[in-house]
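Peer 1: Let me give you the structure first, and then I'll get to my questions.
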Number of protein chains: 4
Amino acid sequence: MSYRYHHPFPTRWNDNDQYGHMNNAVFYEAMDTAVNVWMGRHGLDPQGGTFAFCVTSGCTFHASASFPDELSVGVGVERLGTTSITWSLGILREDGTDQVATGTFVHVFVDAVTRRPVPVPERIRAAVRAELMEDGQR
Amino acid sequence: MSYRYHHPFPTRWNDNDQYGHMNNAVFYEAMDTAVNVWMGRHGLDPQGGTFAFCVTSGCTFHASASFPDELSVGVGVERLGTTSITWSLGILREDGTDQVATGTFVHVFVDAVTRRPVPVPERIRAAVRAELMEDGQR
Amino acid sequence: MSYRYHHPFPTRWNDNDQYGHMNNAVFYEAMDTAVNVWMGRHGLDPQGGTFAFCVTSGCTFHASASFPDELSVGVGVERLGTTSITWSLGILREDGTDQVATGTFVHVFVDAVTRRPVPVPERIRAAVRAELMEDGQR
Amino acid sequence: MSYRYHHPFPTRWNDNDQYGHMNNAVFYEAMDTAVNVWMGRHGLDPQGGTFAFCVTSGCTFHASASFPDELSVGVGVERLGTTSITWSLGILREDGTDQVATGTFVHVFVDAVTRRPVPVPERIRAAVRAELMEDGQR
């Protein structure tokens, strides 16, 4: 998969576990960060009335990464639902060619108070269509 | 699923993210910790000649948890392969009844130097069969 | 120093950094967690009207600790101020005898909305005096 | 203090704790990362024969920071000892003007096997003098 948005993810000293590799949980931090930065830039305010809760995530690790690698996260959308987005994500080497890991996040949008599902905010929906989805995707 | 081993997982102040919930990446820390403590008690030395690398993981979140919850991780085995173990994991409330999340980890065992796959260590294999698998599972 | 409250702190797989030791930042997670659990049990609601902000912290490391060590945090109070508490903390081995690290946290209590300092909540003040301070301390 | 080296430190979604601020322990991750990247670029190999162990650290927080802030760490040296370096560090806003926090790390250099103190490696010593210390400092 090619990604239309890439988010830089420099590693931290303590990302490496005792095997000397970036720990697997840190890949989820990377993916969550990339998606949340992107959503924030398109109008989702984490202090606002709509939260994006992760309901499922997964990752397959193809190669190892280590501090002080400068990685990036490729952000795509697999499915744009009524109240949810399924993100398709890649952890890439700095030059963007080598795929270290491939992951998925499903975010459900909920009302910050009632915590009940609400429609994907219109600005996010429009931006996903315009900036992340490929022609022919829906 | 019922689990034959439960590992306590008390939450930390900084496990909560700004939504006031335990962050999704922390669930992976919990599952990895539970499996590694169990393997350590059954003879896997992380400084030794065999490493257990995570090649795939995934988690589905059914409910939220928050600091200062005292959680536990239920550890089961879905598949005992030649060079890999597929763990079936649950994040549970302290009393063990309520399932907060359900996850999977696949560990491949590798030689610490060559990083090539090696058979699941015999002591781990025997302990998985004796202590984690159900009758009829294989 | 002897501590009148001890909080258990089991280590996690990813607490170890690539030197094979619990990373120094994790000691701060431990101290913050112990203090916040203690304050929570004595009526400080993190969703409530008063926040406890850390304004200074420090730690001296006497020995190393590693996953899967079961550590504990000794909690004492060095100074009970008008709007702040200076905590005196120790990271101890499970049996409580060996001091792995010694640390300090200064929390200033602030109004959750204005973020301006407010007096230490009366319940916390009374509990600090009754349960954490030694005779002759003030 | 002005710093002669600045290391970028973009925040992550899960750096914010439930107060909606970057958690205090993350400031230590930032400082440790900046120093270790700098040392790595000047020849300290974390897989090599000399480790840099943190023996003391401390931080004073002047203002809050929050995801998705892009911070940077200013790196200076307060004291270059025989077997240790005392780093003087600042957590700064992206534009470098505003000091969010001020910290200190003392690293002692040890033999990776015996874990006994050894002299600061000559390349690190020379680079500290050339690139981080001010005229008149020693």
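The values are calculated or read from the model by the stated rules, or taken from the named source; none is laboratory data. What you see is a predicted model, and the numbers here were worked out from it, not measured in a lab. Virtual Cβ from ideal backbone geometry, glycine too; neighbours counted across all protein chains shown. Areas reflect the complete protein model, heavy atoms only, side chains present, ligands, DNA and RNA absent. Shrake-Rupley method; radii C 1.70, N 1.55, O 1.52, S 1.80 Å.
Peer 1: With angles folded into 0 to 90 degrees, how steeply does helix A:24-41 sit against the dominant principal axis of chain A? Use alpha carbons for both and round to 10.
Peer 2: 40
Peer 1: Would you tell me the mean number of C-beta atoms belonging to other protein chains that fall within 10 Å of each C-beta in C:29-41, as a whole number? Display every interim value, and only then the final one.
Peer 2: Working: counts 9, 3, 3, 7, 9, 2, 1, 6, 6, 0, 0, 3, 1.
Per-residue shielding by partner chains comes out at 4.
Peer 1: Just to be sure I understand: if I project the alpha-carbon convex hull of region C:5-132 onto a plane and average over all orientations, what area do I get in nm²?
Peer 2: Value for region C:5-132: 7.9 nm².
Peer 1: Let me ask another. Quote the relative contact order of region A:5-132 in percent (integer), defining contacts as alpha-carbon pairs under 8 Å separated by 6+ residues. Show your work: numbers first, answer last.
Peer 2: On the way: 252 pairs, mean separation 38.1, N = 128.
Relative contact order here is 30 percent.
Peer 1: Right, next: Go through region B:66-73 residue by residue and turn each phi into a ³J(HN,Hα) via Karplus (6.51, -1.76, 1.60, θ = phi - 60°); whole Hz please, and just put x for glycine and proline.
Peer 2: Each residue of region B:66-73 in turn: 8, 4, x, 3, 9, 9, 9, 10 Hz.
Peer 1: Taking the Cα centre of region A:2-138 as origin and charging only Cβ (+1 Lys, Arg; -1 Asp, Glu), how large is the dipole, in debye to the nearest 20? Let's see the in-between values first.
Peer 2: On the way: 11 positive and 16 negative charges, 126 e Å.
Result for region A:2-138 is approximately 600 debye, rounded to the nearest 20.
Peer 1: Using a label point 7 Å beyond Cα on the Cα-Cβ vector, give me the inter-copy distances for residue D:104 in nanometres, one decimal, shortest first.
Peer 2: Inter-copy label distances (nm, one decimal, shortest first): 1.0, 5.2, 5.2.
Peer 1: What are the nm distances, shortest first, from residue B:8 to its equivalents in the other copies, labels at 7 Å along Cα→Cβ?
Peer 2: 0.1, 4.4, 4.4
Peer 1: Now for a different question. What are the residues of region C:66-81 that lose 30 Å² or more of accessible area, with a 1.4 Å probe, going from their chain alone to all protein chains?
Peer 2: Listed by number, the residues meeting the 30 Å² cut-off are C:67.
Peer 1: Let me ask you something else. With θ set to phi - 60°, apply the Karplus curve 6.51 cos²θ - 1.76 cosθ + 1.60 along region D:7-21 and write out the HN-Hα couplings as whole Hz, x wherever there is a Gly or Pro.
Peer 2: After applying 6.51 cos²θ - 1.76 cosθ + 1.60, I find 10, x, 9, x, 7, 10, 3, 7, 6, 6, 8, 6, 7, x, 10 Hz.
Peer 1: Given the rule -39500 (n - 2.57) for each run of at least 4 DSSP H residues, summed and divided by the residues of chain B, what is its mean residue ellipticity at 222 nm, to the nearest 500 deg cm²/dmol? Intermediate results must be reported in sequence, preceding the final value.
Peer 2: Numbers: 2 runs with 24 residues, N = 138.
Here the helix-only value at 222 nm equals -5500 deg cm²/dmol.
Peer 1: Still on this model: Could you tally the net charge around residue C:120, taking each other residue with its Cβ under 12 Å from the Cβ of residue C:120, Lys/Arg +1 and Asp/Glu -1?
Peer 2: +3
Peer 1: Further question: Taking a probe of 1.4 Å and counting only protein heavy atoms, give the total accessible area buried between chains B and D in Å², rounded to the nearest 100.
Peer 2: 900
Peer 1: Rounded to whole angstrom, how close does the nearest chain A beta-carbon get to the axis mapping A onto B, and which residue is it?
Peer 2: In residue-and-Å form, the answer is A:58, 2.
Peer 1: Let me ask something else. Could you check the spin-label model distance between residue D:79 and residue C:95? Points 7 Å from the Cα along Cα→Cβ, value in nm.
Peer 2: With each label placed 7 Å out from Cα toward Cβ, I get 3.5 nm.
Peer 1: Direction-averaged shadow area of the convex hull around the Cα atoms of region D:51-101, nm²?
Peer 2: If you wrap the Cα atoms of region D:51-101 in a convex hull and average its projections, you get 4.5 nm².
Peer 1: Further question: So if I take the centroid of the Cα atoms in region C:31-100 and the same for region A:53-129, what is the distance between those two points in Å?
Peer 2: Rounded to whole Å, the Cα centres lie 35 Å apart.
Peer 1: In whole percent, and with a 1.4 Å probe on the protein chains, what portion of the accessible area of chain B is carbon and sulfur? List each step's numbers first, then the result.
Peer 2: Values: 2670 of 5570 Å².
On chain B, the fraction of accessible area on carbon and sulfur atoms equals 48 percent.
Peer 1: How much area per residue is accessible in chain C when the probe is 1.4 Å and only protein heavy atoms are counted (Å²)?
Peer 2: On a per-residue basis, chain C sits at 40 Å².
Peer 1: Taking the Cα of residue B:125, stepping 7 Å toward and past its beta carbon, and measuring to each backbone N in region B:77-97: which are under 18 Å?
Peer 2: What the label zone holds, given the 18 Å backbone N cut-off, is B:77-87.
Peer 1: Okay, moving on. How crowded by other chains is A:58-65, given as the mean number of beta carbons from other chains within 10 Å of each beta carbon?
Peer 2: Per residue, the average neighbour count from other chains is 4.
Peer 1: Give the calculated FRET efficiency between residue B:64 and residue D:64 to the nearest 0.05, with a Förster radius of 22 Å applied to their Cβ-Cβ distance.
Peer 2: On the way: r = 25 Å, r/R0 = 1.13.
The pair residue B:64/residue D:64 has a calculated efficiency of 0.35.
Peer 1: Okay, next question. Considering only the label points, 7 Å along Cα→Cβ from Cα, what distances in nm to one decimal separate residue A:78 from the same position in each other copy, shortest first?
Peer 2: 1.4, 5.0, 5.1
Peer 1: What is the dipole size for the protein assembly as shown, taken about its Cα centre, with +1 at each Lys and Arg Cβ and -1 at each Asp and Glu Cβ, in debye to the nearest 20?
Peer 2: I would put it at about 0 debye.
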